[in-house]
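Engineer: I have a structure here, written as structure tokens, and I will follow up with some questions on it.
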Amino acid sequence: MTAKSIWDRLSDGDDVSLFEQEYTDIVRVEFARCRDVMFRINHTPPADPGLPALWAELLGVEGGLDPSIRLLAPVQIDFGRRMRIAPNVLINHSFTAMSIGGIDIGEGTFIGPNVSIVTDNHRLDDVTVLNCHPVHVGRRVWIGVGASIMPGTSVGDDAVVAGGAVVTKDVPAGAVVAGVPARVIRHKG
């Protein structure tokens, strides 16, 4: 049986110590790479023709970023290669992605300012151990200002997450959720 890679372990919710050698040799190196690229992105004028190449470098996209994707700096993405962003997505400024566990954002999704999507957590009995779970955001989702999407959740197609909501459980397709924790307040249509 082949051992899982550190990235598979992180995506699968396995406990990973911040001090194990594979984390140090692979994950910390990728974190440092992303931190450096994020610094360049966040200090580049918005109309600079080199900006799309920086986004592609951060996200690990071969051949360049789809021009229909709009990402507005400043942002903080700690593991760019752990994100998949479909066409026609808008991510507004002050976005935070703690993406070590993997984030998938579906086509046509709009993300408001100051939104956080988090895939990692620490064990309560040992904060030096990470426990990550991927986040999936469906197609044509609208996430309002200041919302937080927590580890292991999925937001269904055509859903709306109200400003300030904290999503701790899956959001059904077409649902409108609000509150802390987020609850379905109605369905679209």
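The values are calculated or read from the model by the stated rules, or taken from the named source; none is laboratory data. Because the structure is a prediction, the values reported are computed rather than measured. Please note: Cβ atoms are built from the backbone with ideal geometry, for glycine as well, and neighbour counts cover all protein chains shown. The area values use the complete protein model at the heavy-atom level, side chains included, leaving out ligands, DNA and RNA. Shrake-Rupley method; radii C 1.70, N 1.55, O 1.52, S 1.80 Å.
Engineer: Would you pick out the residues in the stretch 171-189 that are at positive phi and either among the hydroxyl-bearing types (Ser, Thr, Tyr) or touching a Lys or Arg at 6+ places or on another chain (Cβ under 6 Å) (or both)?
Structural biologist: Gly174, the sole residue that qualifies.
Engineer: Filter the stretch 49-105 for residues that are open to solvent by 30 Å² or more (accessible area, probe 1.4 Å) and among the hydroxyl-bearing types (Ser, Thr, Tyr) and give the result.
Structural biologist: Matches in the stretch 49-105: Ser68, Ser94, Thr96.
Engineer: Looking at (1) within 26 Å of Leu124 (Cα to Cα); (2) in contact (Cβ under 8 Å) with a residue 12 or more places away in the chain, find the lone condition where Ile41 falls short.
Structural biologist: If we test Ile41 against (1) within 26 Å of Leu124 (Cα to Cα); (2) in contact (Cβ under 8 Å) with a residue 12 or more places away in the chain, just (1) comes out false.
Engineer: Let me ask something additional. Kindly indicate the residue of the stretch 37-48 that is surrounded by fewer than 13 Cβ atoms within 10 Å (Cβ to Cβ) and hydrophobic (A, V, I, L, M, F, W, C) and also modelled with the highest pLDDT among those meeting that condition.
Structural biologist: If we take residues in the stretch 37-48 being surrounded by fewer than 13 Cβ atoms within 10 Å (Cβ to Cβ) and hydrophobic (A, V, I, L, M, F, W, C), then Phe39 is modelled with the highest pLDDT.
Engineer: Restricting to the stretch 10-30, what's the tally of residues that are surrounded by 14 or more Cβ atoms within 10 Å (Cβ to Cβ) and assigned to a helix (DSSP H, G or I)?
Structural biologist: 6
Engineer: Another question, if that's okay. Is it true that some residue in the stretch 15-37 is more than 26 Å from Cys132 (Cα to Cα) and free of Cβ contacts under 8 Å to residues at least 60 places away in the same chain? Walk me through how you get there before you give the answer.
Structural biologist: First, pick out the residues of the stretch 15-37 that are more than 26 Å from Cys132 (Cα to Cα): none.
No, the stretch 15-37 has no match at all.
Engineer: Okay, moving on. How many of the residues making up the stretch 106-130 are open to solvent by 40 Å² or more (accessible area, probe 1.4 Å), over 18 Å from Ile69 (Cα atoms) and not in a loop (DSSP other than H, G, I, E, B)?
Structural biologist: Counting residues in the stretch 106-130 that are open to solvent by 40 Å² or more (accessible area, probe 1.4 Å), over 18 Å from Ile69 (Cα atoms) and not in a loop (DSSP other than H, G, I, E, B) gives 6.
Engineer: Right, here's the next one. Look through the stretch 131-152, keep the residues that are part of a strand (DSSP E or B) and open to solvent by less than 10 Å² (accessible area, probe 1.4 Å), and return whichever of them is nearest to Phe31 (Cα to Cα).
Structural biologist: Cys132
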